[in-house]
Amino acid sequence: MSKIALVGLGLVGRAWAISFARAGHDVALWDDKPDAADEALRFADEVLPDLAANQLLRDSPAAVRARMRRAATLEEALDGASHVQESTPEEVGVKRHVFARLDALAPTGAVLASSTSAILPSRFTESLPGRARCLVVHPINPPYLIPAVEIVPAPWTDAAVVERTTSFIRSAGHAPIVMKKEIDGFVMNRLQGALIEEAFRLVAEGYASVEDVDIGIRDGLALRWSFIGPFETIDLNAPGGVRDYAKRYQQAYEGIFAASQWRADWSGPVMDTIEAERRRRLPADRLAARQAWRDRRLMALTAHKARAAKEIGD
């Protein structure tokens with residue numbers, strides 16, 4: 001197994017540490033905040049036993065934890081690394097500064113990947129001498145529970161780097177989404193954004209409550225979407241497959257599309273309605289506990305999907 005350098009240890013960086021160490025890699029942890037590595041390791045100590053209890057580790061928690069090591073300096077973290085995963089704040093200026101340092105200090109054969117969820121790789125890698133080895137590798141957090149990872153090349157990213165990164169991410173237990181070129185929002189946030197926009201519109205116009213919209217996804221569409229995607233869903237929802245579905249329902253969706261060409265202002269009056277409904281159902285002081293509940297439910301769902309894949313098939 002290879003050495004992975006993690007640069008930036010916030011919510012995403014510390015989650016990557018668990019994912020890569022679980023896959024058998026040695027993981028070097030570095031952040032410019034002195035306490036960040038210790039916090040990341042404490043987080044791993046809390047999470048790893050739960051993962052083991054759900055049979056989501058190949059090795060013991062102690063063995064996985066032993067692969068995570070603090071690095072005293074950025075140079076130490078990068079020394080001998082084959083893959084560098086940057087997870088610093090979502091600011092273009094920060095990314096440009098960090099990637100300039102990574103390109104100067106990392107081994108020439110190392111891939112330089114960013115976890116950014118919103119910044120195009122071309123915006124912070126264009127001027128780098130080693131820009132051909134730079135790309136985005138964006139997870140849905142936490143990556144140790146949600147397999148999908150977006151691989152987004154800049155216009156100048158070497159195709160061999162994309163292929164190598166795809167193989168690496170897949171070998172680490174992830175499901176890579178390999179984009180052909182960059183676009184704002186990548187794949188996952190564009191899909192999620194379309195859904196959230198419609199959710200806001202339905203509430204803003206008084207068609208449904210916040211909870212009713214959540215039910216529609218949680219107890220409706222998401223049950224299928226948890227194991228098949230939208231194209232497979234419609235392929236299976238008409239006797240003749242996807243083309244048959246389009247013939248049957250395109251006209252209905254054309255009407256829906258025409259009525260959805262406006263944005264609800266997320267900071268406007270509709271937010272008062274949404275926030276009030278959410279805080280009635282979940283007081284602000286229970287958010288952290290509910291987040292922990294969500295992650296435990298994700299562990300259970302991930303474990304179930306793994307068992308079902310073995311027993312029923314993918």
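What follows draws every value from the coordinates through simple rules; no lab data is involved. Remember, it's a predicted structure, so these values are computed and weren't measured experimentally. Methodologically, a virtual Cβ is constructed for each residue, glycine included, from the backbone with ideal geometry; neighbour enumeration extends over all protein chains shown.
Tabulated values for the structure
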read-out	value
Antiparallel bridges, percent of DSSP beta bridges restricted to the chain (to nearest 5)	20
Mean-position separation - Cα centroids, segment 157-189 and segment 281-307, in angstrom	27
Amide H contacts of residue 70 (H built 1.01 Å from N, under 5 Å, at least 5 apart or other chain)	29
Ascending count of other beta-carbon atoms within 10 Å, so fewest first, for 179, 68, 1	1, 179, 68
Pairs beyond 32 Å (Cα-Cα), from 3/95; 3/33; 33/310; 33/180; 3/180	33/310; 33/180
Calculated from backbone phi, Karplus (6.51, -1.76, 1.60) coupling profile of segment 162-169 in Hz, x at Gly/Pro	4, 5, 4, 5, 4, 5, 4, 5
Residues 124, 200 arranged by fewest to most Cβ contacts within 10 Å	200, 124
Mean separation of Cα contacts under 8 Å (6+ apart) over length of the chain, as relative contact order %	14
Segment 93-177: antiparallel DSSP beta bridges as a percent of all, rounded to 5	45
Distance between segment 18-94 and segment 234-248 - C-alpha centres, whole angstrom	45
Chain lengthening between residue 158 and residue 66 when straightened (0.36 nm per residue, less Cα-Cα)	29.8 nm
Convex hull volume of the chain per residue (C-alpha atoms, cubic angstrom)	165
Cα centre as origin, Lys/Arg/Asp/Glu Cβ charges: segment 39-100 dipole, Debye	160
Farthest positive-ward along the chain dipole, Cα basis, beta-carbon charges - from 238, 155, 43	238
Burial ordering of 253, 144, fewest other beta-carbon atoms within 10 Å first	253, 144
Compactness index (Cα Rg / 2.2 N^0.38 Å), segment 88-228	1.24
